[in-house]
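The values are calculated or read from the model by the stated rules, or taken from the named source; none is laboratory data. All values derive from a computational prediction rather than experimental measurement. Here Cβ is always computed from backbone atoms with ideal geometry, including for glycine, and neighbour counts include all displayed protein chains.
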Amino acid sequence: MSVSDKIRKPKWLKVKLPTAIAYKNVRSIVKQNTLHTICESGNCPNIGECWGEGTATFMILGNICTRSCGFCNVKTGRPLPVDTNEPKNIANSVKLMKIKHAVITSVDRDDLKDGGASVWFETINKIRKVNPGTTLETLIPDFKGIKENIQKIIDLVPEVVSHNMETVERLTKKVRIQAKYQRSLDTLRILYEGGIRTKSGIMLGLGETDKEVVQTMKDLRKIGVSIITIGQYLQPSKKHLSVAEYVHPDKFAEFKEIGLLLGFSVVESGPLVRSSYHAEKHLF
């Protein structure tokens, strides 16, 4: 039996079902047109709030990842060939859903020579062509830290580029397995040095200490990251890493205060916070 099986979820993790008219309209469009969003497939607790604000997150490069992170519910294995129609389909989905601010993310595609960077480039270009009024946040993989591939994102100057650390340095090997803490920092540094507004996120409840969380925040500030999200890790299934602790909202508030003192311009910190939470408010 896992730790998360033994610990009952606290009341602060309970979410009310979304009822806003704007959310219902978007959900209807998604269902009628068989559109795919991480908001639904990831069972995001903030789906009602985000869709109500005209924000949605799309995943590109398929739904099979070449990495096997211990926290993630995305399938791991041999990905299918790249869908050449995907950039156009994503752009049309953004238009159909009347999205004001789109967040684009992807699986890791270590099987591709450029890690999928060229598909990212095409997707961003197509979204901007079809939806000139839509702002963008790109939540990118590390592209193995290869500057040439990261530069393809920089060249398109998305309003925000995010890459998640996910956890503290000590737990990185356990939580992210194929990822490297320093490589993720290097990816964010390259983005910042390229003039990009950068963002990152971490999860709590995996066994980290307060000191380690603060050190991670300091590491991110040192390389210019100005936006950080801090949320509670929730175990997707019994096959995934167990929850070591359900962190109290007061602790999240404490980390928010520390983050602001460290110089982050935006700190989203709370049990239900996810990478794209309030993404539309991170533009300036």
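Can residue 196 be described as buried (at least 19 other Cβ atoms within 10 Å of the Cβ) and farther than 23 Å from residue 11 by Cβ? So residue 196 fits the description; yes. Taking region 141-233 and the helices (runs of 4 or more DSSP H) fully enclosed by it, the elements with 1 or more residues that are touching a Lys or Arg at 6+ places or on another chain (Cβ under 7 Å) and in contact (Cβ under 8 Å) with a residue 40 or more places away in the chain are at 181-193, 210-222. Checking region 59-81 against the condition returns a match, with at least one residue being aliphatic (A, V, I, L, M), at pLDDT 90 or above and surrounded by 22 or more Cβ atoms within 10 Å (Cβ to Cβ). Only a single criterion out of (1) under 21 Å from the mean Cα position of the chain (by Cα); (2) at pLDDT 90 or above; (3) not in a helix (DSSP H, G or I) is not satisfied by residue 119, namely (3). Any residue in region 154-166 that is surrounded by 20 or more Cβ atoms within 10 Å (Cβ to Cβ), within 18 Å of residue 57 (Cα to Cα), under 17 Å from the mean Cα position of the chain (by Cα) and aliphatic (A, V, I, L, M)? Looking through region 154-166, at least one residue is surrounded by 20 or more Cβ atoms within 10 Å (Cβ to Cβ), within 18 Å of residue 57 (Cα to Cα), under 17 Å from the mean Cα position of the chain (by Cα) and aliphatic (A, V, I, L, M). What do you reckon, is residue 98 under 16 Å from residue 66 (Cβ atoms) and either among the β-branched types (Val, Ile, Thr) or not in a helix (DSSP H, G or I) (or both)? Judged against the criteria, residue 98 is not a match.
Are any of the residues in region 246-255 of a type in the set (A, V, I, L, M) and farther than 29 Å from residue 134 by Cβ? Yes - at least one qualifying residue is present in region 246-255.
Put simply, of 261, 241 the only residue that is out of contact with any Lys or Arg (no Cβ under 6 Å at 6 or more places or on another chain), at pLDDT 95 or above and aliphatic (A, V, I, L, M) is 261.
Hey, among 189, 221, which residue is more than 25 Å from residue 10 (Cβ to Cβ) and touching a helix residue (DSSP H, G or I) at 6+ places or on another chain (Cβ under 6 Å)?
Values: 189 fails: touching a helix residue (DSSP H, G or I) at 6+ places or on another chain (Cβ under 6 Å).
None of the others qualify; the one that does is 221.
For region 243-255, filtering for residues that are more than 20 Å from residue 228 (Cβ to Cβ) and under 20 Å from the mean Cα position of the chain (by Cα) leaves 1. Reported count of residues in region 239-263, each being assigned to a loop (DSSP other than H, G, I, E, B) and more than 18 Å from residue 167 (Cα to Cα), is 2.
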